Amino acid sequence: MKKLAILVACCAATATMFAQDPAQLKKEGNDAFNAKNYTVAFDKFSNYLKQTNNQDSATAYYCGTAAFEVKKYAEAVPYFDVAIQKKFNTGNAYARKALALEALKKTDEYLATLEEGLKADPNNKTMTKEYCIYYLKAGIAAQKTGKLEAAEENFKKVLPMNSPAYKEKALYSLGVLCYNDGAGILKKAASLSNSDKEKYDAEKAKADGRFKEAVDYLTQASEAAPNDANVKAMLGQVKAAMK
């Protein structure tokens, strides 16, 4: 028993001897981060945080950033969570966490993080851009496969965002979608114009309703971007179809 006790004591002493001073680890991590040596910065910061029980929110944020820079996305996420929980640089912590989740192809978590982050920091440019681009692309993809309701829903998610440029793109996309839908309704109903006037008139009313929606969206898009030639041309095309 005495030999065992001595062995344990020796091991503990050895571990203590080789454990680095937390303050020194943090300093070396800061020096490496400032020199853009992110691999070393992550190693130093993560060891420092392990020794200090993740109490330093600023260092946790920079540790996550260093991990992100060397593509250790899974390792980066929990450090951004520490920064978020302790309210350090909250908007950017959410943004970087979202980007890490996107790189990991965890789409549901990526979107949930963006939505949560935008509640905390509605004007964060990175999150706004990511959110808008995702739903614009999703809308276009749905539209190409004929899923118009899904496309419309995706485009509409962009409208409340604090980004005039992306909002204008969403309005234009909605205008085109509504116009195409109306034109499709009319095309299918064309054969009814002589055989079933009542049914044709009902379908035409649906088409006109979609055209009106298109005009509303395109008018808003034109107000947001008065010099956009595509918007002007599309607005003229829709108005002509309504005559």
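The values are calculated or read from the model by the stated rules, or taken from the named source; none is laboratory data. On a predicted model such as this, the values are computed, not experimentally measured, just so you know. All Cβ positions, even for glycine, are placed from backbone atoms using ideal geometry, and neighbour counts span all protein chains on display.
Got at least one residue in the range 142-150 being within 23 Å of Asp208 (Cβ to Cβ), of a type in the set (Ser, Thr, Tyr) and either assigned by TED's automatic domain parsing to the domain that holds Ala205 or surrounded by fewer than 17 Cβ atoms within 10 Å (Cβ to Cβ) (or both)?
No, the conditions are met nowhere in the range 142-150.
How many residues does the range 181-228 contain that are charged (D, E, K, R) and farther than 30 Å from Lys167 by Cβ?
Residues meeting the conditions: 9.
What single numbered condition from (1) surrounded by 14 or more Cβ atoms within 10 Å (Cβ to Cβ); (2) touching a residue at least 60 places away in the same chain (Cβ under 8 Å); (3) not small (Gly, Ala, Ser) fails to hold for Lys232?
Result: Lys232 passes all but (2).
Is it the case that the range 208-222 has a residue that's part of a helix (DSSP H, G or I), surrounded by fewer than 13 Cβ atoms within 10 Å (Cβ to Cβ) and in the same structural domain as Gly184 (by TED's automatic domain parsing)?
no
Could you check Asn227 against (1) of a type outside the set (Lys, Arg); (2) at pLDDT below 90; (3) loosely packed, with under 15 Cβ neighbours inside 10 Å and say which number it fails?
Answer for Asn227: the failing condition is (2).
Of all residues in the range 31-56, count the ones that are of a type outside the set (D, E, K, R), under 20 Å from Phe88 (Cα atoms) and either out of contact with any helix residue (DSSP H, G or I) (no Cβ under 7 Å at 6 or more places or on another chain) or assigned to a loop (DSSP other than H, G, I, E, B) (or both).
5
Under the condition of being touching a Cys at 6+ places or on another chain (Cβ under 9 Å) and part of a helix (DSSP H, G or I), which residue from the range 161-181 is surrounded by the most Cβ atoms within 10 Å (Cβ to Cβ)?
Ala170
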